[in-house]
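Data first, discussion second: the structure below is written as structure tokens.
The values are calculated or read from the model by the stated rules, or taken from the named source; none is laboratory data. Just so you know, these numbers come straight off a predicted model, no measurement behind them. Using ideal geometry, Cβ is built from the backbone for each residue, glycine included, and neighbour counts are taken over all protein chains shown.
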Amino acid sequence: MIIRLIMTFILIISFQGLRAQIFSTAQNPLSVKWRKIEHGGFQVIFPAELESEAKRMAATLPVIYPAVAAGLHLKKTQIPIVLQNRGVIANGFVQLAPRKSEFFTTPPQAFDSQDWLNNLAVHELRHVAQFDKLTGTRARPFPELVYFAWFGASIPTWFFEGDAVVTETALTESGRGRQPAWIMPWRTNVLEGRRYSYSKAYFGSNRDVTPGYYQLGYVMMASLRKKSGRFISDSLLADIRRRPVRPYPFSTSLKKFSGPSTRRAFLASQEEAAQAWKEQAKKTPSDTYPALNRTPRVATDYIMPFRLGRDSLIALKSSKAETPHVVLIDAQKKEHKIVGIGPQEQPWFSYARGVMVWDEIREDPRYKQRSYSVICRYDFASKRTRKLTSKTRLFSPSLSADGSRIVAVRADLKNHFELVVLNARNGAVLQTLPNPENLILQTPSFDRSGKRICYIGVSEAGKSIYLTEDGKSNRIIGPERQQLARPVFIEENIAFNAHYSGVDNIYMLDIKTKKISALTASKYGAFNISVSDSGRFVFNDYAAQGMQVTETALRERAPGPDLFANLSVTAVAQEATGNVFSQATPAATLPVSRYNSFSHLINFHSIVPTVDDANTAGLELQSDNLLNTLSLYGGAKYHGDLRRFEYTADLRYRALYPVLSVLYRNRPRRSFYNSRGQIMQGDWRENYVKLHASLPLSVNAGNHHYSFSLQAGTSITDRYAFQNLPATFAARQNFPLEYAFGFTHQLRRAERDIAPAFAQIIRLGYDHQPFDRALPGHVFSLETFFYFPGLLKNHSTLASFSYQQAEGANRFATAIPTVYGYNNVRARSTLQNTLLLNYRFPLIFPDREIGPLAYIRNIRSGLFAHYENVGRDSNLGQPKTFGLELMSSMNLLRYQPVIDLGARLIFVNKIYNQNPILEFSFNYSF
């Protein structure tokens, strides 16, 4: 569940002005029929087929909001809630500009022990309350984007998310604060003696496993509530709202109400958690399991191991240095890559009889709110991969022992869940198993005979294990507030994951007697059992650098007592509500009406300042509708150097397959020209209108991603109010035409890749002026970029050749990439082509905190040799410019945007008689 925050005012006051928003602007297909329910301050907007779930949410949200917001002294709110059901990636967020929340209704295959939408509701409503507390209850004219930027500049993301996780844990009998696996990475590092700095814990690492800002925020907020009381979040937010213009307002307010600075509060809360974790570890017996994989140098997971024989096994490997792929590990721990795996809802595969299957997310080419989960198959004998299903919503496929059938979870657009049995050769549906209670189903598996299936069922009451035989399902255990996960058969029994002892381990259930025994006693967490031969099994044992593969004998023991160090105990006692969803919810008989998306296209939300350069600034009024189909901007800028105003309007419509945009400018202009040996200045105004259409398409398959783009545009320029201009000055430019085509193919990138390891990019462009006899001319451009692997892992080589032909009024156009230092080197002839050779590589990943000034994430370097007008001005032995560059990614002043700072030393071919050039670069990303 992600809250989209703008982290600094740079997004508003920037040298390009603001033309995009940080949250997703993806659309649904036109076929979606939207409905709405208005109740208790909430407007629930939803696809028609989701009516039952929408009614439940519309009835529930007003009932639970007072409890969710009580700690912030709030009782009511007003906000639109958009239910998104076309995608298969579970998520949720709250945003401003425009103000709304979105719930992605398809649940994941591994989440909390409660209803998924209830899970989302309590977390996201806390974010709504946070926003309400900061913005106040009085209406203000169009402040949303300014508020949004202010939140990001004032308050660290970990506070928003940590406060919400503490709330979801305190107000329900579930919540991530009750899950050992969720806090396991941080607990493991601390118990292994790895104490990270505040910046590393907050911003992450390209080398090690770090907590992440959800976990960081949970531990810190649980500690602050224990020390400073239930209303510490209310005090902090109210103080920041009252006194917004201060350096480091959050840390200043924290000192005021709690005592320590943010960094000292982090160290204190980490130490408090460490003591609780150490005490838990002392009382919890554990075994040590030797790893069957090599010790990784960077954070690496080997997930879901499966033994192929005495001397080899397979596992799904994922690391910060490599993209996910299945590897074979031999007796010497040497790895052999088998096949790459594309994006998944969760890491998953199943093996039987030389066949492997897994689920993979596939995007809709155009409408990115729609995605699918398909099943892929790999044959070890033929070494061929193929897709078994298309445009499906199937999850966690598991093979029968003979490899002939697959059982998987299917979720439809109504949020109904079924188990389906498929033919493992062609993906045809053989059987659909009923789910009359409409439980959320997870991770099914066959027994050895293929006649029985076990799986997890989730409801608001908790998680249960079910057994299906002869088409009939029976609950074996549950419902429980345990993270029951991935049940598999061991002969006549079922092994599964749970955290009965306060640490995730593997347990075995005797189906007949219902007796539960422990099979592992991992210190940090054991997962994903797979039975070997001779009474042994392989599984994942968690270590400081990730999931490792290990093996042990099948030996049952009594489960130990639950010793989980629940850091939210104080918050639970402070709220004293129990499960807020146990309250009586009104019957879902609320009236439903049509939501006319066309009549809701205009939704003004913000007036923001814009700065184009040192001489130009203004204000812009912005509108974005709730379904992301229309953006409308209009404003005025003052040109200080010209002492005149410019008026702007932009419209972008994204509901159709092509994206249509209209841009209007009424602007002052100035030009200089030579008249009889004198440089003269001429001024005028012009009306400029541009029409543009684009067709952005992209698809993914396995580790490959393809994108295509077609663009066409034209414009008209009408000039007037001439001052001191020659008589030959053109008063009108009539409909120049521009076309562009782009194609990209690239392999999925690993976290440590600083450029693609393998990619091809081709762009074609053509601009001409067929309707303007006074300004004839054209420019044709071809750009190509080819990326190849470097000498070592995460190195990248780029070879780029580009060509342009420019004539007439466009003869001085630059439509292709230029050599480094281009603007500082005198040209010998007009630009015709360039050949750019770059080699980029990481140097170190220091994870170094330099006090409060900076957190250095990585330092990387590159070499380059660039040629211009190959075959005319230069040859391959004489680049026009060459040299080296040094770059670093960092977080400055403990803010979340990643800043890229770099320097480039450019040497110029001696024939230009040019001194070396030193260039600096600055970029930022979120």
Original post:
How many residues are surrounded by 21 or more Cβ atoms within 10 Å (Cβ to Cβ), of a type outside the set (D, E, K, R) and farther than 29 Å from residue 36 by Cβ when one looks only at segment 615-641?
Top reply: 0
**OP:** Filter the strands (runs of 3 or more DSSP E) completely within segment 432-517 down to those with at least 3 residues that are over 26 Å from residue 353 (Cβ atoms) and at pLDDT 95 or above.
**Re:** 452-459, 462-469, 472-480, 505-510
**OP:** For segment 478-506, name all the residues that are aliphatic (A, V, I, L, M) and farther than 13 Å from residue 458 by Cβ.
**Re:** 488, 490, 494, 495, 498, 503, 506
Original post:
Which of the following residues is surrounded by 14 or more Cβ atoms within 10 Å (Cβ to Cβ) and free of Cβ contacts under 8 Å to residues at least 24 places away in the same chain: 410, 377?
Top reply: 410
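Please note which helices (runs of 4 or more DSSP H) are completely contained in segment 179-292 and include at least 2 residues that are within 21 Å of residue 156 (Cβ to Cβ) and charged (D, E, K, R). If you could, list the steps in order and put the result at the bottom.
Values: elements: 180-191, 198-203, 213-228, 232-242, 249-258, 262-283.
Answer list for segment 179-292: 213-228, 232-242, 249-258, 262-283.
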**OP:** Count, please, the residues in segment 19-45 that happen to be surrounded by 20 or more Cβ atoms within 10 Å (Cβ to Cβ) and either at pLDDT below 95 or among the hydrophobic types (A, V, I, L, M, F, W, C) (or both).
**Re:** 7
Original post:
Would you pick out the residues in segment 279-299 that are over 17 Å from residue 560 (Cβ atoms) and surrounded by fewer than 17 Cβ atoms within 10 Å (Cβ to Cβ)?
Top reply: 290, 291, 294, 295, 297
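Got at least one residue in segment 413-432 being within 25 Å of residue 86 (Cβ to Cβ), under 34 Å from the mean Cα position of the chain (by Cα) and aromatic (Phe, Trp, Tyr)?
The initial filter retains those residues of segment 413-432 that are within 25 Å of residue 86 (Cβ to Cβ), namely 413-420, 422, 427-429, 432.
From what is left, the residues that are under 34 Å from the mean Cα position of the chain (by Cα) are 413-420, 422, 427-429, 432.
With aromatic (Phe, Trp, Tyr) added as a condition, the list becomes 417.
Yes, segment 413-432 has at least one match.
Mind listing whichever residues of segment 304-327 are of a type in the set (A, V, I, L, M) and either outside any strand (DSSP E or B) or outside the structural domain of residue 377 (by TED's automatic domain parsing) (or both)? Show your work before the answer.
First pass over segment 304-327, keeping only residues of a type in the set (A, V, I, L, M): 304, 308, 313-316, 321, 326-327.
Across segment 304-327, the qualifying residue is only 321.
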Original post:
Within the bounds of segment 53-62, is there any residue that is among the charged types (D, E, K, R), modelled with pLDDT of 95 or more and either touching a strand residue (DSSP E or B) at 6+ places or on another chain (Cβ under 9 Å) or assigned to a loop (DSSP other than H, G, I, E, B) (or both)?
Top reply: yes
Original post:
So is residue 620 under 30 Å from residue 113 (Cα atoms) and acidic (Asp, Glu) or not?
Top reply: no
Original post:
For segment 827-848, what are the residues that are surrounded by 20 or more Cβ atoms within 10 Å (Cβ to Cβ) and among the β-branched types (Val, Ile, Thr)?
Top reply: 834
Subject >> From 117, 50, 125, residue being at pLDDT 95 or above, over 30 Å from residue 359 (Cβ atoms) and not in a strand (DSSP E or B) >> reply: 125
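Which of the following residues is touching a residue at least 12 places away in the same chain (Cβ under 8 Å) and surrounded by fewer than 22 Cβ atoms within 10 Å (Cβ to Cβ): 54, 58, 48?
Just a single option satisfies the conditions, and that option is 48.
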**OP:** Could you grab me the full set of residues in segment 502-525 that are surrounded by 17 or more Cβ atoms within 10 Å (Cβ to Cβ) and without any contact (Cβ under 8 Å) to a residue 24 or more places away in the chain?
**Re:** 505
**OP:** May I ask you to list the residues in segment 901-918 that are modelled with pLDDT of 95 or more and charged (D, E, K, R)?
**Re:** 904
**OP:** Kindly indicate the residue of segment 319-333 that is more than 15 Å from residue 757 (Cα to Cα) and small (Gly, Ala, Ser) and also farthest from the chain's Cα centre (by Cα) among those meeting that condition.
**Re:** 331
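Name the single residue, out of those in segment 652-682 being closer than 24 Å to residue 617 by Cα and surrounded by fewer than 16 Cβ atoms within 10 Å (Cβ to Cβ), that is modelled with the lowest pLDDT.
Selected residue: 672.
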Subject >> Residue count, segment 868-894 (criterion: touching a helix residue (DSSP H, G or I) at 6+ places or on another chain (Cβ under 8 Å), crowded, with 18+ Cβ neighbours inside 10 Å and in a loop (DSSP other than H, G, I, E, B)) >> reply: 2
Subject >> First in segment 299-315 and more than 15 Å from residue 333 (Cβ to Cβ), second anywhere and of a type in the set (D, E, K, R) and in a strand (DSSP E or B), Cβ under 8 Å, 6 or more apart >> reply: 301/317; 303/317
Original post:
Any residue in segment 852-872 that is more than 18 Å from residue 801 (Cβ to Cβ), out of contact with any strand residue (DSSP E or B) (no Cβ under 6 Å at 6 or more places or on another chain) and free of Cβ contacts under 8 Å to residues at least 60 places away in the same chain?
Top reply: yes
Original post:
Residue check: is residue 804 at pLDDT below 95, outside the structural domain of residue 321 (by TED's automatic domain parsing) and polar (S, T, N, Q)?
Top reply: no
**OP:** Kindly provide the set of residues from segment 187-202 that are among the hydrophobic types (A, V, I, L, M, F, W, C) and farther than 23 Å from residue 850 by Cβ, ordered by number.
**Re:** 190, 191
Subject >> Output for segment 715-762, where each listed residue is more than 30 Å from residue 206 (Cβ to Cβ), under 43 Å from the mean Cα position of the chain (by Cα) and either outside any strand (DSSP E or B) or of a type in the set (D, E, K, R) (or both) >> reply: 738
Original post:
Name the pairs whose Cβ atoms lie under 8 Å apart, with the first residue in segment 233-248 and closer than 22 Å to residue 217 by Cβ and assigned by TED's automatic domain parsing to the domain that holds residue 132, the second of a type outside the set (A, V, I, L, M, F, W, C) and in a loop (DSSP other than H, G, I, E, B), and 6 or more positions between them or separate chains?
Top reply: 234/73; 241/136
Original post:
Which ones in segment 82-114 are touching a helix residue (DSSP H, G or I) at 6+ places or on another chain (Cβ under 7 Å), aliphatic (A, V, I, L, M) and in a strand (DSSP E or B)?
Top reply: 83, 94
Subject >> From the options 577, 585, residue that is in contact with a Ser or Thr (Cβ under 6 Å, 6 or more places away or on another chain) and either modelled with pLDDT under 95 or acidic (Asp, Glu) (or both) >> reply: 585
**OP:** Out of 845, 841, report the one residue that is hydrophobic (A, V, I, L, M, F, W, C) and over 24 Å from the mean Cα position of the chain (by Cα).
**Re:** 841
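Do we have any residue at all in segment 355-369 that's among the aromatic types (Phe, Trp, Tyr) and either in contact with a Phe, Trp or Tyr (Cβ under 9 Å, 6 or more places away or on another chain) or not in a strand (DSSP E or B) (or both)?
Residues of segment 355-369 that are among the aromatic types (Phe, Trp, Tyr), as a first pass: 358, 367.
Subset that is either in contact with a Phe, Trp or Tyr (Cβ under 9 Å, 6 or more places away or on another chain) or not in a strand (DSSP E or B) (or both): 358, 367.
Yes, that holds for at least one residue.
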Subject >> Filtered residue count, segment 732-769, keeping only those that are among the β-branched types (Val, Ile, Thr), at pLDDT 95 or above and surrounded by 17 or more Cβ atoms within 10 Å (Cβ to Cβ) >> reply: 2
